[in-house]
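What follows is calculated from the coordinates using simple rules that are stated; it is not laboratory data. Since we're looking at a predicted model, the values are computed, not measured. All Cβ positions, glycine included, derive from the backbone under ideal geometry; neighbour counts span all protein chains shown.
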């Protein structure tokens, strides 16, 4: 028994024609090696062009250049800070090893200061305890009628 489908399939119409004569291209496009870096001149040029365009053309510019609107916001903020801010690389500044050493030493001083305070309190408590025990010993000897 055979079944024949006579209705027209819309999904194949929108998929485009299939061409079996041309072999598919096995080449895989190369991926970027890392984050893109933009020069200050490029940023200024894009900002000037972006600001001169209307809303629909702005989207076309972003698509053409492969940029996000958040980059434009950040670049505007940098431009408002000053021209040298556009040239600054993105991300955190590299940590200075001296700053790391200073932070380590400050933490050590803080810890040692705490230890010293504890030691002083222990010595103070021991002094008070010694005085109290001596007073109790003299009181008990006086109560028993003993003399030293």
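A few notes on this one:
- In this structure, residue 69 and residue 25 have a Cβ-Cβ separation that, at R0 = 30 Å, corresponds to a calculated FRET efficiency of about 0.40.
- By the count of other C-beta atoms within 10 Å, a proxy for reagent exposure, 92, 77 are ordered fewest to most as 92, 77.
- Cβ-based exposure ranking for 84, 65, in which fewest neighbours within 10 Å come first: 84, 65
- Rounded FRET efficiency, nearest 0.05, which uses the C-beta distance separating residue 139 from residue 112 and R0 of 41 Å: 0.50
- Relative intensity, log₁₀ I(q)/I(0), of region 36-88 from a Debye sum that treats every alpha carbon as a point, q = 0.13, 0.20, 0.29, 0.31 Å⁻¹: -0.28, -0.66, -1.26, -1.37
- Going from the fewest other Cβ atoms within 10 Å to the most, the residues 50, 42, 68 appear in the order 68, 42, 50.
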